[in-house]
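Worksheet: one structure, shown below.
The values are calculated or read from the model by the stated rules, or taken from the named source; none is laboratory data. Because the structure is predicted, anything quoted here is derived from the model rather than measured. Cβ placement follows ideal geometry from the backbone for every residue including glycine, while neighbour counts extend to all protein chains displayed. Just so you know, the surface numbers come from the protein's heavy atoms only, side chains and all, with ligands and any DNA or RNA stripped out. Shrake-Rupley method; radii C 1.70, N 1.55, O 1.52, S 1.80 Å.
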Amino acid sequence: MAAPPDMELSSSLSLELLPTDPLLLILSFLDYRDLVSCCYLNRRLNQLSSHDPLWKRHCKKYWLISDEEKSRRNQGWRAIFISTYCDLGRYIHYYATLKKAWDDLEQYLGQWCPRMIGSLKESVREEDLDAVEAQIHCKLPDDYRCSFRIHNGQKLVVPGLMGSMALSNHYRSEDLLDIDTAAGGFQQRLGLKQCLPLTFCIHTGLSQYMALETVEGRNKYEIFYQCPDQMARNPSSLVMFITGTSYLEWFTSYVNKVVTGGYPIIRDQIFRYVHDKDCVATTEDITVSVSTSFLPELSSVHPPHYFFTYRIRIEMSKDALPENACQLESRYWRITNAKGDVEEVQGPGVVGEFPVISPGKVYEYTSCTTFSTTSGYMEGYYTFHCLYNKDRFFNVTIPRFHMVCPAFKLSTA
């Protein structure tokens, strides 16, 4: 029986006869794994999948290779992809995200905190990370390893890369630990078993830890501050304030907050005050805004004592009339905890000062408060008197601002 005409036509077609451009267009939509697989199907696809421009997209997507860097390397896109994959292939799902975070952070620091750039350490080798795993007898997560293939943390200096906090008699600045220092602080003691320090503050001794195993009530790769449970009989009983669920999420969310201006730069340091954009109030020519921060090192769950600091910015519009210059006379606070209990506070000045505000001038100060509940809010007003009409007094609204303790859990040690 004769074959149908359409069957004869299809059997006469082969891949060798198809035009090159449509095939290259099809291959350009494939991921790098599928592109590699095509190399093993037949000679034609092997030749086409080696077409250098096909690998440009993958170099940019996974390794953030720019045209300028390609020119410096004096290699083709395919060669660059393969050589980079041989070195960093196990991190292909993390590298671009972490590399971009580091690049963004370096660019931001170069503009706003240039002296911090000098504290960053160069990358470590793969065998250095393997040696640390052998030393602590635990596997490091790939996202953590990947970050240290880009930068090996920083030197133990001030200011710390992971942010600062300052009150009148308290100062904290956290360094991002290099791999050897972190390994030296690896914990096996009860309460912190299998925990690796990520940060360290020279002044307070405070660290953020990452759990390398699911043990003592922690989830694997969870990141936390630890503080003692003061009412427990067992000194190993800890409270853990959770700051991240993985290294990737913890580091990139911090960097994003920094580079988008979410944290203020004060005295060439990153201060970890969080500002709610809605927490602003304007009275006449004066605007008051507030940012807040939780201090785990001064807090306790048992007994309940949650410590917060807040930074207030008072600014007079630069378009205000000179005769509107005024001086802060007193403050009034209405403080409400999560149970609805209210405390009222009234007194002269702020932090012992009576600032003068004039057109375009800004006054900022830091203070603190504690709650017996995990959250609460404050609101109130300042009373000013006019410098050119001392009989005139007026109140300036302080917007309501909320303070919330991060999620925490108790160690089951």
Selection over the stretch 295-308 where residues are surrounded by fewer than 22 Cβ atoms within 10 Å (Cβ to Cβ) and either out of contact with any Cys (no Cβ under 9 Å at 6 or more places or on another chain) or part of a strand (DSSP E or B) (or both) yields a count of 6
Scan the stretch 39-61 and give yes if some residue there is at positive phi and aliphatic (A, V, I, L, M), otherwise no.
no
So TRP250 passes all but one of these: (1) open to solvent by less than 50 Å² (accessible area, probe 1.4 Å); (2) farther than 21 Å from VAL404 by Cβ. Which condition number does it fail?
(2)
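For residues that are in contact with an Asp or Glu (Cβ under 9 Å, 6 or more places away or on another chain) and part of a helix (DSSP H, G or I), scanning just the stretch 66-80, find the one that is least open to solvent (accessible area, probe 1.4 Å).
Taking the stretch 66-80 first, the residues in contact with an Asp or Glu (Cβ under 9 Å, 6 or more places away or on another chain) are 76-80.
When the remaining residues are screened for being part of a helix (DSSP H, G or I), the result is 77-80.
On the way: TRP77: 17, ARG78: 76, ALA79: 45, ILE80: 0 Å².
So, considering only residues that are in contact with an Asp or Glu (Cβ under 9 Å, 6 or more places away or on another chain) and part of a helix (DSSP H, G or I), the one least open to solvent (accessible area, probe 1.4 Å) is ILE80.
Kindly indicate whether SER236 is in contact with a Gly (Cβ under 8 Å, 6 or more places away or on another chain), open to solvent by 10 Å² or more (accessible area, probe 1.4 Å) and either in a loop (DSSP other than H, G, I, E, B) or small (Gly, Ala, Ser) (or both).
yes
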Tally, over the stretch 306-322, of residues that are over 30 Å from GLN230 (Cα atoms) and either touching a strand residue (DSSP E or B) at 6+ places or on another chain (Cβ under 7 Å) or not assigned by the TED database to the domain that holds CYS368 (or both)
5
From (1) among the charged types (D, E, K, R); (2) in a strand (DSSP E or B); (3) under 36 Å from the mean Cα position of the chain (by Cα), pick out the condition that doesn't hold for LYS318.
(2)
Before we move on, is SER83 open to solvent by less than 70 Å² (accessible area, probe 1.4 Å) and free of Cβ contacts under 8 Å to residues at least 12 places away in the same chain?
yes
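I'm trying to understand the selection: among the residues of the stretch 309-328, which are open to solvent by 70 Å² or more (accessible area, probe 1.4 Å) and over 26 Å from ALA166 (Cβ atoms)?
Here is the first cut: in the stretch 309-328, the ones open to solvent by 70 Å² or more (accessible area, probe 1.4 Å) are 313, 318-319, 321-323.
Selection gives LYS318, ASP319, LEU321, PRO322, GLU323.
Considering the stretch 246-273 alone, what residues qualify as being assigned to a loop (DSSP other than H, G, I, E, B) and either of a type in the set (A, V, I, L, M) or touching an Asp or Glu at 6+ places or on another chain (Cβ under 8 Å) (or both)?
Of the stretch 246-273, the ones assigned to a loop (DSSP other than H, G, I, E, B) are 246, 260-264, 267-268, 272-273.
The answer is SER246, and nothing else.
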In the stretch 46-65, which residues are open to solvent by less than 40 Å² (accessible area, probe 1.4 Å), free of Cβ contacts under 8 Å to residues at least 24 places away in the same chain and not hydrophobic (A, V, I, L, M, F, W, C)?
SER49
I'm checking my understanding of the structure. Among residues of the stretch 362-392 that are farther than 12 Å from LEU328 by Cβ and not in a strand (DSSP E or B), which one is nearest to the chain's Cα centre (by Cα)?
THR374
